[in-house]
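Accompanying notes for the structure given below.
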Amino acid sequence: MGSEVKPPMGADADAGTTSAVVLTPELQADFDRQMKACETAWRATDEPLAVAEALSVVYLFRQTIPDWVEAAAVSIIIDKRTAEEARRHRESMKHMWRYMYVHSFRQKGIPLEEAVERAREVLKGTNIYASVATIVDSYWKVRHDIEAGRQGEYFFLKDPRYFNADDSD
């Protein structure tokens, strides 16, 4: 894990580029063959190593990630989380959404008490809705965590396809 792999085909490892390389027809055929083998293995068995191999092939050939690889990788990562990790994430997201609504109203010059009431109105009918005291506590918790450099506790997937990833846990 974490070992360095030199890219093939004389690619410059220090280039730092994320652009795909135009492959010769022979290399393209080799890439396509290897990716097809990975995809076939993944679809037949859900074997995570097939996805790991596909990611390596994409990297080594300096290509873009196919849709199936991205979806499979995200699925594997989400599925790997424990029920406790998913629960903790759901709770963090509740705090974060409460904070974001209150913060957005505060950015408009609205005093905290009124911002909290407005946030409650927006959140009514959701699983994030809470008492005034709870929303205030969430606001200060997230604000202090961000100021202390702990914003990673509130990281979430921005891709709407995965907004409900915690619902299955």
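What value in Å³ per residue do you get for the convex hull of the alpha-carbon atoms in the range 83-156?
89 Å³
For Rg/Rh (Cα atoms, Kirkwood Rh), one of (1) 0.97; (2) 1.13; (3) 0.92 was computed from the structure I shared and the rest are decoys. Which label?
(2)
Can you tell me the length gained on complete extension of the stretch Ala73 to Glu85, counting 0.36 nm per residue apart and subtracting the Cα distance?
Using 0.36 nm per residue and subtracting the Cα-Cα distance, I get 2.5 nm.
Excluding residues on the same chain fewer than 8 positions from Lys36, give the lysines whose Cα lies under 29 Å from its Cα.
By straight Cα distance, Lys36 reaches Lys6, Lys80, Lys158.
Using only Cα atoms, what Kirkwood radius does the range 25-80 have, in angstroms?
Taking the inverse mean of 1/r over all distinct Cα pairs, the range 25-80 comes out at 11.3 Å.
Out of Phe31, Leu55, Ala130, whose Cα points farthest toward the positive end of the dipole of the chain (charges: +1 Lys, Arg; -1 Asp, Glu; placed on Cβ)?
Looking along the dipole axis, the top candidate is Ala130.
For the chain, with only Lys/Arg (+1) and Asp/Glu (-1) charged at the beta-carbon, what is the dipole magnitude about the Cα centre, in debye rounded to 20?
Working: 22 positive and 28 negative charges, 144 e Å.
Roughly 700 debye for the chain.
Which distance in nm do the two modelled labels at Asn127 and Tyr59 give, with both placed 7 Å along the Cα-to-Cβ direction?
About 3.4 nm separates the two model spin labels.
Each reported figure results from applying straightforward, stated rules to the coordinates on display, with no laboratory input. As the structure is a computational prediction, the values presented were derived from the model and not from experiment. So basically every Cβ, Gly included, is an ideal-geometry build from the backbone, and we count neighbours across all protein chains shown.
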